[in-house]
Each structure stands twice: as C-alpha cells, then as structure tokens.
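What follows is a short report on a single structure.
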Amino acid sequence: MGQPPKPVPAEATISSTMIEQHHLIERLLGRLTQAVLHMTAPEDRAASRRLLLRLRKNLYAHMDLEDGLLFREFESQSGLLEEGPTATLRREHEVLRGRLDELLAEWKTASVSALSRHLAAFGALYTDHCRREDVMYGICERLLSPEQSAKAKSLLQSRGSSAPTDSKRKPS
Ligand SMILES: [Fe+2]
Ligand SMILES: [Fe+2]
C-alpha cells in the first residue's frame, strides 16, 4: 500500500499483466467501498465519484483489450463463438458495464447504504468473473501471433496498465 506504480517489467507476459490489472481494479474497488462508507459532506461524495470514474475508465480499457483482441483471437481459432467460454465472459462484460453506468447515474443521489449494497453486488460479480478469466488468459495468449502479442503489449504499456491510474493513491 502507498507505493508508487512500477513500470511493466520487460519479461511481464500479457497474462501476468492482465491478472495484475484485476488486482489493481479490485484495490480501487476496495478504496471506493471505504470512501462510500465515510461519506458525510457533499465533497466526500464528489471525491468518491471521481474514484468511481477512474475505476470505470480502467475497467473499460481492460475489457476492450479482452473483447477486441484476446477473446477475438481465441474465438477465431477455436471456432467457439456463441457457446464458448469467452461468449459468457463477453456477456458478463455487458453486465459489468451496465452496473457501472447505473452506479454512476445514481451516485449523486442514492443513500450510502444503497451505494454500498450495489458496490458489493458489483464486486461479487467482478471477482467471480476475474477468477475465471485468470485461467483463460494463458490459453488466449498462446494463440496470439507475434504481431498480435506485440500489439497487446504495446496497448498495455501505453495505458500504463500495470498501474492504470491508480497512481493518485493517497498516502495511507
Ligand atoms: Fe473481463
Ligand atoms: Fe479481465
């Protein structure tokens, strides 16, 4: 906790970097949950909303890489489109995006208990989703051509993925 973000090591694989992103987003979610519990003044709500926006931005970029490259290549090589594991994960992405948008829409007006409940439900879904993806990444990564692998790594680097925008963490 409280350490500055580390650059992506040269030997980091796509899988390890994606798994690290899961943990970073989980930590952001933990901070957000705590921030909600301590909201009293209007500025607390504005600050926690900025945290939610940061989480949303990071998670959207993460899911875009899965949908647009990792899962797509798995599907095109395995032929498992509608009934395969990635189809389920893609559907869950839609649910996760929808839940985040709902949270954002209600953030300014909902009670602390409602926000906490909705965040907890989102967290349970997200954690379950990630555990299944952690297993899929190795398979997906092995199917990438050298060019696709380089592209994925460059996207991860350019997004500062190993610590997306988690660098604004307050000292604890
Ligand atoms: Fe995902
Ligand atoms: Fe993921």
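The values are calculated or read from the model by the stated rules, or taken from the named source; none is laboratory data. Bear in mind the structure is a predicted one, so any value in this text is a computation, not a measurement. Counting neighbours? That spans all protein chains shown, and the Cβs are built from the backbone with ideal geometry, glycine included.
Considering only segment 91-99, I want to know if a residue exists there that is more than 16 Å from ligand 1 (Cβ to nearest atom), charged (D, E, K, R) and at pLDDT 95 or above. For segment 91-99, residues more than 16 Å from ligand 1 (Cβ to nearest atom), charged (D, E, K, R) and at pLDDT 95 or above: absent. Scanning segment 114-143 for residues that are more than 14 Å from ligand 2 (Cβ to nearest atom) and polar (S, T, N, Q) yields one hit, Ser116. The set of residues in segment 97-117 that are farther than 22 Å from Ala61 by Cα and without any contact (Cβ under 8 Å) to a residue 40 or more places away in the chain comprises Glu106, Thr109, Ala110, Ser111, Ser113, Ala114, Arg117.
In this structure, does Glu82 turn out to be of a type in the set (Asp, Glu), at negative phi and surrounded by 15 or more Cβ atoms within 10 Å (Cβ to Cβ)? Spelling it out, it is not the case that Glu82 is of a type in the set (Asp, Glu), at negative phi and surrounded by 15 or more Cβ atoms within 10 Å (Cβ to Cβ). Kindly indicate whether Leu103 is in a helix (DSSP H, G or I), within 16 Å of ligand 2 (Cβ to nearest atom) and surrounded by 14 or more Cβ atoms within 10 Å (Cβ to Cβ). Judged against the criteria, Leu103 is not a match.
Val36 fulfils the conditions (1) among the hydrophobic types (A, V, I, L, M, F, W, C); (2) at pLDDT 95 or above; (3) more than 14 Å from Val112 (Cα to Cα) except for a single criterion, (3).
The residue of segment 55-72 that is nearest to ligand 1 (Cβ to nearest atom), among those that are over 10 Å from the mean Cα position of the chain (by Cα) and crowded, with 18+ Cβ neighbours inside 10 Å, is Glu66. Being more than 17 Å from the chain's Cα centre (by Cα) and hydrophobic (A, V, I, L, M, F, W, C) is the filter; apply it to segment 73-96 and report the residue that is farthest from Ser145 (Cα to Cα). Applying the filter and picking the extreme gives Ala87.
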